[in-house]
Amino acid sequence: MVANENTQVAGEQLKLLIERIERLEEEKQGIADDIKDVYAEAKSTGFDVKGMRAIVAMRKMEKHHRDEAEFIIETYKLALGL
């Protein structure tokens, strides 16, 4: 009987966890849609979305990683004559 009760408890806990994940996935999709709308608004006012995405990605980086990435890009540009 104990094994059956443990299985029921584990099953209920699993169900609650799955439901939480599903709610979070819905919220994540809503946020992704909001971000898409902001980029569309930026584009409609004349901003370059590709450039904005690059800046957002760079701002997420720690300074030393960003400096290293910029150094590598500059080095490659010089090597290619850009």
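Count the lysine pairs in the stretch 1-65 whose Cα atoms lie under 24 Å apart, taking only pairs 8 or more positions apart in sequence or on different chains.
Number of lysine pairs found: 10.
Quick one: angle between helix 49-60 and the longest Cα principal axis of the chain, in degrees between 0 and 90, rounded to 10, please.
With both axes taken from Cα atoms, the answer is about 70 degrees.
Using the alpha-carbon centroid of each, what span in Å lies between the stretch 51-81 and the stretch 1-35?
39
Where a number appears in this text, it was derived from the coordinates with a stated rule and is not lab data. No experiment lies behind these values; they were computed from the predicted model shown.
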